[in-house]
Amino acid sequence: MLLVRLDRLDDAKAQLEAATPRDTLTTLLLATVERDLGRLDLSTALFAEVWDESLPRAAGDAQAKADCLTALNGLLHNSRESGRPEEAEPLLLQGLEALPAEAAFFHLQLGKHDAEAGRAESSAAHLKRAAELDPARYGAEADAILSQSRARAVGCQ
């Protein structure tokens with residue numbers, strides 16, 4: 001979207017809203033534009049629409065899975081930015097159950113979430129599980145988060 005790259009977000013929003021019928025890609029783009037305009041509640045509603053629509057098909061449909069993960073990343077971002085991190089955990093647990101092939105990703109995200117919430121034991125368990133399931137993709141990142149958590153814990157003593 002050229003209008004987004006030119007930072008003409010209101011113009012991009014108007015064009016996206018005019019698209020009929022609105023497909024998943026259009027909804028994801030509109031959610032991103034709303035987020036960038038600072039309208040996190042509307043952005044969250046749009047990302048949630050894609051999440052709810054795509055998740056039931058995601059295990060057997062590569063595009064639905066990609067749409068789900070894009071929507072999830074938007075929802076996680078919005079929950080942090082809006083000061084509502086508690087909204088993230090149910091989504092991550094739902095994703096973990098619905099997409100077992102992506103378990104390493106979801107465990108890594110749960111580990112990050114728990115680390116930010118100060119739940120060191122739960123965080124460590126999820127991070128270790130992510131590293132076990134997919135060491136090539138998530139091992140280094142999980143180890144780095146675990147090291148940061150340990151350093152914070154030592155500093156608090």
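The values are calculated or read from the model by the stated rules, or taken from the named source; none is laboratory data. Note that the structure is a prediction, hence the values are computed from the model and not measured. A quick note on method: Cβ atoms are made from the backbone with ideal geometry, for glycine too, and the neighbour counts reach across all protein chains shown.
Could you check how many residues of segment 26-45 are without any contact (Cβ under 8 Å) to a residue 24 or more places away in the chain and on the phi < 0 side of the Ramachandran plot? Talk me through it step by step, then tell me what you get.
From segment 26-45, those without any contact (Cβ under 8 Å) to a residue 24 or more places away in the chain are 26-27, 30, 34, 38-39, 42, 45; that's our starting set.
Filter again for on the phi < 0 side of the Ramachandran plot, leaving 26-27, 30, 34, 39, 42, 45.
Count: 7.
Any idea which residue in segment 60-79 is nearest to residue 38 (Cα to Cα), counting only those that are surrounded by 14 or more Cβ atoms within 10 Å (Cβ to Cβ) and not hydrophobic (A, V, I, L, M, F, W, C)?
Residue satisfying both the conditions and the ranking: 78.
Which one of these does residue 60 not meet: (1) in contact (Cβ under 8 Å) with a residue 24 or more places away in the chain; (2) more than 25 Å from residue 30 (Cβ to Cβ)?
Among (1) in contact (Cβ under 8 Å) with a residue 24 or more places away in the chain; (2) more than 25 Å from residue 30 (Cβ to Cβ), the lone unmet condition for residue 60 is (1).
If you check 80, 8, which single one turns out to be basic (Lys, Arg), farther than 25 Å from residue 145 by Cβ and modelled with pLDDT under 95?
Checking each option against the conditions leaves just 8.
Would you check if there is a residue in segment 133-144 being of a type outside the set (Phe, Trp, Tyr), in contact with a Phe, Trp or Tyr (Cβ under 8 Å, 6 or more places away or on another chain), at pLDDT 95 or above and surrounded by 21 or more Cβ atoms within 10 Å (Cβ to Cβ)?
Within segment 133-144 (the criterion being of a type outside the set (Phe, Trp, Tyr), in contact with a Phe, Trp or Tyr (Cβ under 8 Å, 6 or more places away or on another chain), at pLDDT 95 or above and surrounded by 21 or more Cβ atoms within 10 Å (Cβ to Cβ)), the answer is no, since none of the residues qualifies.
Somewhere in segment 83-90, is a residue assigned by TED's automatic domain parsing to the domain that holds residue 31, surrounded by 14 or more Cβ atoms within 10 Å (Cβ to Cβ) and small (Gly, Ala, Ser)?
yes
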